[in-house]
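*Asks:* Questions regarding the structure given below will be posed in turn.
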Amino acid sequence: MRTQVGIVGAGPAGLFLAHMLQREGIESVVLEAQPQAAIEGRVRAGVLEHAIARLLVEAGLGDRMEREGLVHHGIGLLFGGAVHRINFAELLDGRGVVVWSQHEVVKDLIAARRAAGGDIRFEVSDVTLTDIESKRPSIHFRHAGHRHVLSCDVIAGCDGFHGVARPSIPPGALQVYERILPLAWLGILAAAPPPADELIYAHHPSGFALASMRSQHVARLFFQVNPDENLGHWSDARIWDELDQRLAGDDSGIVLTEGAVLQKSLTTLRAFVAEPMRYGRLFLAGDAAHVVPPTGAKGMNLAIAGARVLARGLTEFFKSGDASLLERYSDICLNRAWAAQRFSWWMTQVLHRNPRDNAFDLRRQLADLEHLVSSRAAAAALAEVYVGPPLERL
Ligand code: FAD
Ligand code: DHB
């Protein structure tokens, strides 16, 4: 088998890359370890930055998002028992974010791939990469009981943090920056109306909580727990009690309506960057190269923004032999990734109770939050980054 771009991983990065290449007439094969139903049902991120939502529309992927996604022009910060609104519309000339689930983005991308007759294989196993330093790198894999070798011009490693692409690069060739935080999020999806019309990020003496949503009838709720927490110890009733205390306690005015818990998950918070995002003919994209703590809602946005740059670089390379944008690919993406790291780190440390913190840190956090809601400049700085930077000029 032979293709121009072999893509490992059918998350937002791999699927968006395949889509943009296909529109330019560049061939690719997408290889995914999980079954299609599993990735279409995997609930993860839920907030699209303004420019990323526009990008999906321009790429012909916006129909359902524009019909069913929820445009938000602000978020609430809950601390000291009161909700303070950060009004994006007023601070940012009307720009906002779109609350639209990652697995819905993935569904639309898979449908577009199928409609275009693109090659996408689910449930592949034993994936290994060879000759990545050469002009003919290969992907070896097993699919439907047979072994295959896919010979490529370029490989895109879009296989997330635990994938095989990054470990295929000799360790000495990558500089890795990492912090695993002593924090985790217990998340639920619930058949219940969200407690507010907009997202609420809550600072509470018992720890962080976040009220998000997927629709007017489905709430997506998170709260901070210890990373070694056992999900089995969290009954639905205990989860609702904890959420109620952190979101609706202290007369915050928020009313939490309970409903059936549809999914439960535990996610350890991690900050990670591997530099550069290229080795020979292997390019890393999305979580394969960088992971941000989820507090800033940046992970999916970074994955799509990076895939856009890679698609453009590969298009120039295949159409005119010009590799100059590919040479800049890593620097362009790392610039955006570090900006997202800074913001996600800051949001995380100001809203979570770190087990290493003491009473001083609690007061410092409250002073930081008070500053945010009393200074227009501070609120505008948060709004600008949350709504997201413009796409890079390429
Ligand atoms: P992924 O979406 O991880 O896609 C990688 C794909 O590669 C997967 O489908 C995987 O099955 C596949 N794969 C892996 N190994 C192989 C292999 N060897 N061969 C073939 N395929 C392989 N971000 C937020 O902003 N907010 C959130 O609430 C949030 N929650 C998250 C919860 C979890 C449990 C995780 C893991 C991430 C979460 N994120 C969240 C981050 C966000 O979802 C990611 O940043 C985003 O998915 C990155 O997209 P990606 O395409 O780079 O990687
Ligand atoms: C969601 C996830 C986030 O990490 C975040 O900061 C906001 C919303 C969500 O899944 O809805």
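The values are calculated or read from the model by the stated rules, or taken from the named source; none is laboratory data. Quick caveat: nothing in here was measured; it's all calculated off a predicted structure. Methodologically, a virtual Cβ is constructed for each residue, glycine included, from the backbone with ideal geometry; neighbour enumeration extends over all protein chains shown.
*Asks:* Only residues that are assigned to a loop (DSSP other than H, G, I, E, B) and loosely packed, with under 15 Cβ neighbours inside 10 Å: list them for the stretch 81-97, please.
*Replies:* Matches in the stretch 81-97: 81, 93, 94.
*Asks:* Just to be sure, is residue 68 surrounded by fewer than 15 Cβ atoms within 10 Å (Cβ to Cβ), within 16 Å of ligand 2 (Cβ to nearest atom) and under 30 Å from residue 30 (Cα atoms)?
*Replies:* yes
*Asks:* Output the residues belonging to the stretch 131-150 that are more than 20 Å from residue 314 (Cβ to Cβ) and surrounded by 15 or more Cβ atoms within 10 Å (Cβ to Cβ).
*Replies:* 141, 143, 148
*Asks:* Is it the case, given these coordinates, that residue 137 is in contact with a Cys (Cβ under 6 Å, 6 or more places away or on another chain) and more than 30 Å from residue 71 (Cβ to Cβ)?
*Replies:* Details: in contact with a Cys (Cβ under 6 Å, 6 or more places away or on another chain): yes; more than 30 Å from residue 71 (Cβ to Cβ): yes.
Yes: the conditions hold for residue 137.
*Asks:* Being touching an Asp or Glu at 6+ places or on another chain (Cβ under 9 Å) and assigned by TED's automatic domain parsing to the domain that holds residue 302: is that true of residue 22 here?
*Replies:* The answer is no for residue 22.
*Asks:* Still on this structure: Tell me which residues, restricted to the stretch 164-195, are touching a Gly at 6+ places or on another chain (Cβ under 6 Å) and either over 23 Å from residue 47 (Cα atoms) or part of a loop (DSSP other than H, G, I, E, B) (or both).
*Replies:* Of everything in the stretch 164-195, those that are touching a Gly at 6+ places or on another chain (Cβ under 6 Å) and either over 23 Å from residue 47 (Cα atoms) or part of a loop (DSSP other than H, G, I, E, B) (or both) turn out to be 165, 192.
*Asks:* Within the stretch 98-136, work out how many residues are away from ligand 1 (no atom under 15 Å from the Cβ) and either of a type in the set (Phe, Trp, Tyr) or assigned to a loop (DSSP other than H, G, I, E, B) (or both).
*Replies:* Summing the residues that are away from ligand 1 (no atom under 15 Å from the Cβ) and either of a type in the set (Phe, Trp, Tyr) or assigned to a loop (DSSP other than H, G, I, E, B) (or both) in the stretch 98-136 gives 8.
*Asks:* For the condition modelled with pLDDT of 95 or more and closer than 27 Å to residue 10 by Cβ, what is the one hit in 166, 179?
*Replies:* So the residue among 166, 179 that is modelled with pLDDT of 95 or more and closer than 27 Å to residue 10 by Cβ is 166.
*Asks:* Are any residues in the stretch 151-200 surrounded by fewer than 22 Cβ atoms within 10 Å (Cβ to Cβ), aliphatic (A, V, I, L, M) and away from ligand 2 (no atom under 16 Å from the Cβ), and if so, which ones?
*Replies:* 164, 169, 173, 174, 176, 180
*Asks:* Which pairs do you get when a residue that is on the phi < 0 side of the Ramachandran plot and assigned by TED's automatic domain parsing to the domain that holds residue 115, found in the stretch 57-75, comes within reach of a residue that is of a type in the set (D, E, K, R) and surrounded by fewer than 16 Cβ atoms within 10 Å (Cβ to Cβ), reach meaning Cβ atoms under 8 angstrom, with the pair 6+ apart or on two chains?
*Replies:* Pairs that qualify, where the first residue is on the phi < 0 side of the Ramachandran plot and assigned by TED's automatic domain parsing to the domain that holds residue 115 and the partner is of a type in the set (D, E, K, R) and surrounded by fewer than 16 Cβ atoms within 10 Å (Cβ to Cβ), are 57/66; 59/23.
Residues checked against (1) over 20 Å from residue 314 (Cβ atoms); (2) outside the structural domain of residue 152 (by TED's automatic domain parsing); (3) within 15 Å of the chain's Cα centre (by Cα); (4) crowded, with 21+ Cβ neighbours inside 10 Å:
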position: 12; (1), (2), (3), (4): no, no, yes, yes
position: 18; (1), (2), (3), (4): no, no, no, yes
position: 27; (1), (2), (3), (4): no, no, no, no
position: 37; (1), (2), (3), (4): yes, no, no, no
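*Asks:* From 355, 390, grab the single residue that is at pLDDT below 95 and either in a loop (DSSP other than H, G, I, E, B) or under 16 Å from residue 201 (Cα atoms) (or both). Let's see the steps before the verdict.
*Replies:* Working: 390 fails: at pLDDT below 95.
Answer to the selection: 355.
*Asks:* Based on this model, can you work out whether residue 368 counts as surrounded by fewer than 16 Cβ atoms within 10 Å (Cβ to Cβ) and closer than 21 Å to residue 224 by Cα?
*Replies:* Considered against the rule, which asks whether it is surrounded by fewer than 16 Cβ atoms within 10 Å (Cβ to Cβ) and closer than 21 Å to residue 224 by Cα, residue 368 comes out as no.
*Asks:* Could you identify the single residue in 37, 45, 13 that is more than 14 Å from residue 119 (Cα to Cα), in contact with a Cys (Cβ under 8 Å, 6 or more places away or on another chain) and within 15 Å of ligand 1 (Cβ to nearest atom)?
*Replies:* Every option except 13 fails the conditions.
*Asks:* Using the structure shown, decide if residue 272 is more than 9 Å from ligand 1 (Cβ to nearest atom), in a strand (DSSP E or B), touching a residue at least 60 places away in the same chain (Cβ under 8 Å) and buried (at least 23 other Cβ atoms within 10 Å of the Cβ).
*Replies:* On the way: more than 9 Å from ligand 1 (Cβ to nearest atom): yes; in a strand (DSSP E or B): yes; touching a residue at least 60 places away in the same chain (Cβ under 8 Å): yes; buried (at least 23 other Cβ atoms within 10 Å of the Cβ): no.
So residue 272 fails the test.
One line per residue, one yes/no per condition, for (1) touching a Lys or Arg at 6+ places or on another chain (Cβ under 7 Å); (2) hydrophobic (A, V, I, L, M, F, W, C); (3) within 16 Å of ligand 2 (Cβ to nearest atom):
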{"residue": "14", "(1), (2), (3)": "no, no, no"}
{"residue": "21", "(1), (2), (3)": "no, yes, no"}
{"residue": "27", "(1), (2), (3)": "no, no, no"}
{"residue": "35", "(1), (2), (3)": "no, no, no"}
{"residue": "45", "(1), (2), (3)": "no, yes, yes"}
{"residue": "74", "(1), (2), (3)": "yes, no, yes"}
{"residue": "77", "(1), (2), (3)": "no, yes, yes"}
{"residue": "84", "(1), (2), (3)": "no, no, no"}
{"residue": "88", "(1), (2), (3)": "yes, yes, yes"}
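*Asks:* May I pose another question? Do we have any residue at all in the stretch 57-64 that's buried (at least 17 other Cβ atoms within 10 Å of the Cβ) and under 27 Å from residue 217 (Cβ atoms)?
*Replies:* There is at least one residue in the stretch 57-64 that is buried (at least 17 other Cβ atoms within 10 Å of the Cβ) and under 27 Å from residue 217 (Cβ atoms).
Conditions (1) modelled with pLDDT under 95; (2) basic (Lys, Arg); (3) not assigned by TED's automatic domain parsing to the domain that holds residue 12, marked per residue:
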| residue | (1), (2), (3) |
| --- | --- |
| 243 | no, no, yes |
| 248 | yes, no, yes |
| 275 | no, no, no |
| 330 | no, no, no |
| 333 | no, no, no |
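*Asks:* Sticking with this structure for a sec: Residue pairs, Cβ under 6 Å, 6 or more apart or interchain, first in the stretch 34-48 and among the aliphatic types (A, V, I, L, M), second in a loop (DSSP other than H, G, I, E, B) and more than 8 Å from ligand 1 (Cβ to nearest atom). List them.
*Replies:* Once the first residue is among the aliphatic types (A, V, I, L, M) and sits in the stretch 34-48, its partners that are in a loop (DSSP other than H, G, I, E, B) and more than 8 Å from ligand 1 (Cβ to nearest atom) give 48/100.
*Asks:* Looking only at the stretch 208-263, count how many residues are assigned to a strand (DSSP E or B), crowded, with 19+ Cβ neighbours inside 10 Å and among the small types (Gly, Ala, Ser).
*Replies:* 4
*Asks:* Can we say residue 56 is more than 16 Å from ligand 2 (Cβ to nearest atom) and within 20 Å of the chain's Cα centre (by Cα)?
*Replies:* Details: more than 16 Å from ligand 2 (Cβ to nearest atom): yes; within 20 Å of the chain's Cα centre (by Cα): yes.
So residue 56 passes the test.
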